[in-house]
1. Being within 16 Å of ligand 1 (Cβ to nearest atom), in contact (Cβ under 8 Å) with a residue 12 or more places away in the chain and either under 19 Å from the mean Cα position of the chain (by Cα) or outside any helix (DSSP H, G or I) (or both) is true for just one of Val74, Val39. Which residue is that?
2. Six or more apart or on different chains, Cβ under 8 Å: which pairs go from a residue in segment 5-16 that's among the acidic types (Asp, Glu) to one that's surrounded by fewer than 11 Cβ atoms within 10 Å (Cβ to Cβ) and part of a helix (DSSP H, G or I)? Could you list them?
3. Would you call Val31 on the phi < 0 side of the Ramachandran plot and in contact with a Phe, Trp or Tyr (Cβ under 6 Å, 6 or more places away or on another chain)?
4. What's the number of the only condition in (1) more than 16 Å from ligand 2 (Cβ to nearest atom); (2) assigned to a helix (DSSP H, G or I) that Phe3 fails to meet?
Amino acid sequence: MSFDKNKWQREQYVRRKSEGICVCCGKRTPVSGKTVCEVCRQKARERWREDYQFYKNKGICVRCCKKKAEPERVLCRECLEDMKYRQRRRVARKAELLNLNL
Ligand SMILES: [Zn+2]
Ligand SMILES: [Zn+2]
């Protein structure tokens, strides 16, 4: 059987997290409340911004990075629908909580 990279990564993540070190580089102390250090957080943010621009310029959905984005949007139809659905659920939950507090 081949080397299970995903399993190894998952185990490494759990181990580093329990040891209180950055799950990304395994060297520095994470930002409080996070699992990654400031350096890795910055790097991830930069990478995300680059990807975002790259896919946006190509007219590809920046979320799934697979399908064509809708006109004037950065997301494809499916991701837009998914976002709408999530938002609706969040609003519904909030309304529920408010009702309970009344
Ligand atoms: Zn790190
Ligand atoms: Zn998409």
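1. Val39
2. Pairs found: none.
3. The answer is no for Val31.
4. It fails just one condition, (2).
Where a number appears in this text, it was derived from the coordinates with a stated rule and is not lab data. Remember, predicted model here, so these are calculated numbers, not experimental data. No Cβ is skipped: glycine too gets one built from the backbone with ideal geometry, and neighbour counts run over all protein chains shown.
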